[in-house]
Amino acid sequence: MIDVLPGFIDVLPGFREFYPPDCFIRNFIFEKMRQMCQNFGFSEYDSPILEPLELFTEKSGEEIAAQLFNFIDRGGRSVALRPEMTPAVARMIGSKINTLKRPLKWFSIEENFRYERPQKGRLRSFYQLNIDIFDEQNISADAEIIALAVAILQSLGLSANDFHVRLSDRQLWTILLQSLGVPENFITETLSIIDKIERESHDIIVEKLNALNLDGIKILENIKTFQSIRNLDILKTFLQATVQQPDLKNDVDIRLEQLKSLLKHLDDFGLTSFITLDFSIVRGLAYYTGFVFEFFERSGKSRALTGGGRYDDLIEKFGYPKTAAIGLAIGDVTLTNILQEKNLLPSFEQKCDLFMIYDKFSKPFALNDMHQLRLAGFSVTYALKENASPEKQFKQALQQSHWVATYREAKDKIILRNIDYRKDYEIQRQEIIHFLQQQR
């Protein structure tokens, strides 16, 4: 006897089932993403969903293992379900960098897994679009990534009234912190503390900075001024007044020109209304090396839609040649929620192009035509139940298709009805594919 569990076996926490209407919405979003990436000249790639655990601990440290679905496989290997694509694409690029045609513009849409507490907008299983450009240091690559992400959201119906791009720069942050006396080996940790300013109190931030033997109050005062700047001229005035070391002053001038160039490039794309200079954006991950950005909803909820930035040193950290890189990731959960709230998702309609009605005499001819129509790219269905009356078949056709083809005993002619416009056509059987192609 097989023991049967009482009740139903439910979906695991943080995971989702996709019924046909849900799959329809998911595929609609993915198709918009994929089409726009191709419009920008990006090529699609993929990698294994199960990877060596070391691939992720190498990038993020051993502590990341607690946030992953990881286990020992039957071969004794420590493995994990993919939590993100960046380490895998770094391996793919790095291992074949000398044979790949550059610069590389790649994208992927894949499922990822993280073992964390499920909450609104954050699940244990989620899909993510990754867009990256490799081996291109020019500011045009930064602008291209931002422009593509904006275009994807626009293609889904969102506008500058719905979201904006908060643009910041890790290099200017590094220069400022160095000018304030933060040692180079404390820069990354200090940036991690700064990244939590919006979530932690003034006293806690000061305490954490003091723990690094820094003047927490002085540094936090300058940090808050820096974070409040939204204008390029004001930014220049602040940095020229704050950064006094000659070598750092030169670095500031160079970087401000690069920032000005990026903003001009984005303006040439017609995207100025989307861009907000905002140095409260830090991006806590240590591997970011340059411009960073996060896309935020403009409503009171102010939810992050996506984020990314330049990470020129990451591929080298995996033991491969140093390769410039910039990328961004868009998760499906928050994006779908926002599109749903704004009524920007299409209605699910499960209708075929054509429904065929036939009797036992005309069945062989109808099924033969059906196969040829499907090969020609038409969606065609029929009543699977044998001996269903013509009336029941027609009722089913009204619910399931845009056209209905009725086969009579006369094997050479059929009646085609356009259900949407209630119009009938009598045609020769051999003309059906050509006729329907003309109606598209």
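Structure data summary
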item: Potential extension, Gln245-Ser389 segment - 0.36 nm per residue separation minus Cα distance; result: 42.9 nm
item: Overall form of segment 2-142 per C-alpha gyration tensor (a/c, 1.5; a/b vs b/c); result: oblate
item: Filtered GluC sites (Glu not before Pro), segment 349-431: DSSP coil and at most 10 other beta carbons within 10 Å; result: Glu349, Glu386, Glu409
item: Anisotropy class of segment 352-439 from Cα gyration tensor, a/c 1.5 cut; result: rounded
item: Helical mean residue ellipticity (222 nm; -39500 (n - 2.57) per DSSP H run of 4+; nearest 500) of the chain; result: -12000 deg cm²/dmol
item: Cα-based convex hull volume of the chain per residue, rounded to whole Å³; result: 237
item: Relative contact order computed over the chain (Cα-Cα under 8 Å; 6+ residues apart), in percent; result: 15
item: In Å, descending, principal axis extents of the Cα set of segment 130-284; result: 49, 34, 30
item: Paramagnetic reach from Phe269 in segment 153-177 [backbone N under 11 Å; point 7 Å along Cα→Cβ]; result: 153, 165
item: Inter-centroid distance (Cα atoms) of segment 379-440 relative to segment 102-174, Å; result: 46
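Read-outs: derived from the displayed coordinates by stated rules, not from any lab. Nothing here was measured: the structure is a model prediction, and the numbers come from that model. Note: ideal-geometry Cβ built from the backbone for every residue, glycine included; neighbour counts use all protein chains shown.
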